[in-house]
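The values are calculated or read from the model by the stated rules, or taken from the named source; none is laboratory data. Not measured: the values here are computed from a predicted model. Because the Cβ atoms are built from the backbone with ideal geometry, glycine has one as well, and the counts that use them run over all protein chains shown. Only protein heavy atoms, including side chains, enter the accessible area calculation; ligands, DNA and RNA are left aside. Shrake-Rupley method; radii C 1.70, N 1.55, O 1.52, S 1.80 Å.
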Amino acid sequence: MLHVKDLTAAIGDKQILKGLDLDVGAGEVHAIMGPNGSGKSTFAHTLAGREGYEITGTVTLDDADLLEMEPEARAAAGVFMGFQYPVEIPGVNNMYFLRTALNSVRRTRGETEVSAREFLSTAQEAMDLVEMPKDFLHRAVNAGFSGGEKKRNEILQMAVMQPRLAVLDETDSGLDIDALRIIAGGVNALRGPERSMIVITHYQRLLDYIKPDFVHVLVDGRIVESGDHTLALHLEDHGYADFVNHDLDASGRPLSGATS
Amino acid sequence: MSESLREIEELTEATYEYGFSTDLDTDIAPPGLTEDTVRLISAKKDEPEWLLEWRLKAYEAWKTMEEPDWAKLQIQPIDYQALSYWAAPKQKPVLDSLDDVDPDIRDMFDKLGIPLHEQKMLSNVAVDAIVDSVSVTTTFKETLAEAGVIFCSFSEAVHDHPEIVREHLGSVVPVRDNFFAALNSAVFSDGSFCYIPKGVRCPMELSTYFRINSQNTGQFERTLIIAEDDSHVSYLEGCTAPQRDENQLHAAVVELVAKDRSEIKYSTVQNWYPGDENGVGGIYNFVTKRGRAHTDAKISWTQVETGSAITWKYPSVILQGDRSVGEFYSVALSSKRQQADTGTKMIHIGADTTSSIISKGISAGHGQNTYRGLVKVMRSAENARNYTQCDSLLLGSDCGAHTIPYIEVKNPGAQVEHEASTSTVGEDQLYYCRQRGMSEEDAMAMIVNGFCRDVFDELPMEFAVEAQRLLSVSLEGSVG
């Protein structure tokens with residue numbers, strides 16, 4: 001479904017991604033872990049279409065060339081990004097924002113727009129999913145939200161947008177254990193055979209709740225190791241030290257113990 | 001960075017959709033301003049002697065005055081002798097039915113989206129339509145008359161209700177108040193008049209629609225609204241003008257008298273032609289608006305200023321009566337080469353008076369936007385309170401936003417608060433919206449409308465929608 005081949009990304013002279021390959025099949029959940037500065041967020045933004053990067057390589061979603069598309073076209077193609085730092089938009093209420101977003105992608109896809117009444121029930125379901133209080137729809141987008149509310153709002157938006165590919169960038173950062181449980185519950189409820197997810201995280205903790213099909217370790221702009229969820233457990237115990245400055249051609253696999 | 005800045009610039013280059021002019025058979029006075037011009041205008045309007053005297057007094061005052069130069073505006077010198085001070089569409093003798101409105105004029109208003117046929121009109125909004133110097137029609141007159149409300153053109157009021165006009169004209173904005181007010185007092189042509197009797201809640205929104213059509217003419221209208229004790233009225237004005245290469249002068253005066261326990265809500269959606277992106281053409285909008293609030297009365301100004309090459313305008317409230325309330329809500333957009341120097345004056349005289357000011361300035365293109373406001377608390381104003389919030393939004397790197405608050409407090413019990421902020425539409429905000437599927441234009445319009453929310457919430461429903469649309473259109477452009 002998603003194919004990433006030899007992807008590089010740079011800002012000015014600074015090379016961040018250095019040849020990243022990843023294949024994500026329909027319905028799969030892939031976790032990407034890695035130390036600070038390894039390029040995890042940059043990878044997410046290159047999928048979502050943020051400007052300012054020089055990019056080479058190929059990224060296709062359902063055979064469509066994502067790299068050629070504007071961010072809004074990617075959204076219409078089914079790419080959803082859960083932001084690490086969701087942006088505040090003062091004066092614009094969530095209801096209006098969400099319905100505009102949903103109808104924008106529907107218009108682009110040639111589908112009929114959703115009426116206010118239909119939308120309300122969609123929104124209500126999404127709110128229940130992440131236990132958002134009733135006044136949520138009439139508050140401004142993320143303005144004055146706590147850190148946990150902002151992250152819950154991202155999952156709520158994902159529930160409304162029903163994406164083909166969800167890229168969740170450190171959705172667990174800054175959450176207490178209850179918020180983490182709510183968010184993970186929302187994400188799990190949204191898993192499905194036609195929806196793929198890329199979950200970017202620092203900590204194995206999140207993966208206790210969202211069980212990934214695959215775990216990848218991203219170091220210095222490349223994926224240096226892939227495995228199943230036990231790879232995350234190893235990282236939890238040993239940190240990234242095994243991979244940082246690790247000679248990729250070395251014969252001894254640092255993870256041999258963890259995967260056995 | 002430069003890429004997205006350029007996109008923002010493109011986004012903010014709007015096309016003006018009301019730039020057409022209508023070929024009306026018009027009666028225009030020769031250019032120039034002398035005592036004879038004043039007499040001519042008065043004679044054309046068949047005015048009583050007292051009004052002519054009043055005009056002449058204003059003219060004499062104006063001759064001794066100088067244009068104000070304190071505003072942060074760059075204004076090409078205006079040749080007052082090159083302007084024509086009287087222009088009126090020639091019309092068959094006015095009868096009392098809308099069917100008698102010149103079809104060309106009706107078409108013009110249809111094109112502007114203001115149908116003058118009563119059956120097609122916005123329900124519950126009465127419209128006084130003014131073209132160039134004169135009122136062409138007023139709708140819903142009978143309905144209003146049943147409630148005792150007088151809503152008509154200024155000229156009609158002078159003939160039909162001379163005692164009310166004479167008592168209040170110039171009582172809030174004296175003829176010598178300032179250069180442009182004096183000029184207006186001398187040569188004003190028409191405008192709207194509104195009188196709400198004691199205890200009456202006006203049954204519908206009142207609205208005046210101003211249209212400048214002729215070339216090389218100034219528009220000088222005069223609006224007078226009187227709300228008697230315990231009455232209530234909501235009033236809206238809208239304005240457009242054709243696209244022309246010369247600057248046109250618009251110098252209006254609006255006076256509001258809110259008597260005890262009454263409330264006047266005055267809303268403006270100003271969309272005069274702003275000129276092109278090189279600063280050619282556009283309206284010079286030099287307007288004096290002021291209200292006097294008596295005991296327990298409330299005056300609320302809401303303005304959405306998206307047009308005009310230059311805006312010089314400070315809708316003000318004299319809080320004369322105890323416990324009177326003044327409010328000012330403003331959205332001012334300056335794009336292209338537009339300049340706006342706008343704000344308010346709140347003069348606290350009575351005890352326990354309160355005022356609040358919410359100003360939202362948006363600068364784009366090469367626009368310059370200045371908030372200039374005065375909060376003055378006189379010695380007599382015990383426990384006066386003011387809250388001022390000025391927010392500026394910058395779109396692009398070639399525009400400017402300036403906030404100039406003046407605060408004069410002579411009573412130590414006063415409480416005056418001022419908050420100001422300046423922000424930009426962040427690339428991260430645009431990116432966030434686009435990631436959710438919105439086009440860059442839609443995202444920009446949404447963010448800017450959100451910025452203006454506090455002010456739009458003060459507008460009557462239909463006009464809030466119109467204001468939002470107008471703002472979106474003003475920011476619209478070609479995105480690559």
Distance in nm between label sites at B:E277 and A:D65, each 7 Å beyond Cα in the beta-carbon direction? 3.0 nm
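What FRET efficiency comes out for A:D176 versus A:R106 if R0 is 35 angstrom and r is the Cβ-Cβ distance? Round to the nearest 0.05.
Working: r = 35 Å, r/R0 = 1.01.
Given R0 = 35 Å and the Cβ-Cβ separation, E is 0.50.
Considering only protein heavy atoms, with the full assembly of protein chains and a 1.4 angstrom probe, order B:V253, B:V465 by accessible area, largest first.
Numbers: B:V253 0, B:V465 90 Å².
Ranked list, largest accessible area first: B:V465, B:V253.
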Cα extents of segment A:2-244 along the principal axes, largest first, in whole Å, come to 52, 39, 34
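First select every other residue whose beta carbon is under 11 angstrom from the beta carbon of B:Y314; then total the charges, Lys and Arg +1, Asp and Glu -1.
Values: positive: B:K289, B:R290, B:K313, B:K345, B:R372; negative: B:D341.
Within the 11 Å Cβ shell, the charges total +4.
So between A:D128 and A:D213, what do we pick up on full extension, going 0.36 nm a residue minus the alpha carbon distance? Walk me through the numbers on the way to the answer.
Details: separation 85, 0.36 × 85 = 30.60 nm, distance 2.66 nm.
Full-extension gain reported as 27.9 nm.
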Ignoring ligands and nucleic acids, what accessible area does A:E194 show with a 1.4 Å probe (Å², nearest 10)? 120 Å²
Using r as the Cβ-Cβ distance of A:H202 and A:D135, and R0 as 51 Å, what FRET efficiency do you calculate, to the nearest 0.05? 0.95
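Rounded to the nearest 0.05, what FRET efficiency do B:I78 and B:W50 give with R0 = 41 Å and r taken as the Cβ-Cβ distance? Could you check?
Working: r = 30 Å, r/R0 = 0.73.
Between B:I78 and B:W50 the formula returns 0.85.
Normalising by the residue count of segment A:2-244, find the relative contact order in percent from Cα pairs under 8 Å and 6+ residues apart.
Details: 444 pairs, mean separation 69.5, N = 243.
In percent, rounded to a whole number, it is 29.
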Report, by chain and number, residues whose modeled amide H sits under 5 Å from the one on B:G373, excluding near sequence neighbours (fewer than 5 apart, same chain). B:T344, B:I404, B:Y406
Separation of the B:E67 and A:E51 label points, Cα + 7 Å toward Cβ, nm: 3.9 nm
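With +1 on each Lys and Arg Cβ and -1 on each Asp and Glu Cβ, and nothing else charged, work out how big the dipole of segment B:163-237 is about its Cα centre, in Debye to the nearest 20.
On the way: 6 positive and 10 negative charges, 40 e Å.
Dipole magnitude for segment B:163-237 comes out near 200 debye.
Of B:K298/B:K410; A:K150/A:K211; B:K298/B:K336; B:K313/B:K360; B:K44/B:K259; B:K45/B:K259, which pairs sit farther than 25 Å apart, going by alpha carbon to alpha carbon? Mind dumping the intermediate values first?
Working: B:K298/B:K410 23 Å; A:K150/A:K211 23 Å; B:K298/B:K336 36 Å; B:K313/B:K360 15 Å; B:K44/B:K259 33 Å; B:K45/B:K259 30 Å.
Checking Cα-Cα distances, B:K298/B:K336; B:K44/B:K259; B:K45/B:K259 exceed 25 Å.
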What's the center-to-center distance, using Cα atoms, between segment A:211-232 and segment A:26-40 in Å? 7 Å
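Among rounded, prolate and oblate, which fits segment A:75-205 when a ≥ b ≥ c are the square roots of the eigenvalues of its C-alpha gyration tensor, a/c under 1.5 means rounded, and a/b larger than b/c means prolate? Please report the intermediate quantities before stating the final value.
On the way: a/c = 1.70, a/b = 1.22, b/c = 1.40.
Oblate is the answer for segment A:75-205, as a/c is 1.5 or above yet b/c matches or exceeds a/b.
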How tilted is helix A:147-161 with respect to the longest principal axis of chain A? Cα atoms for both, answer in degrees (0 to 90, nearest 10). 80 degrees
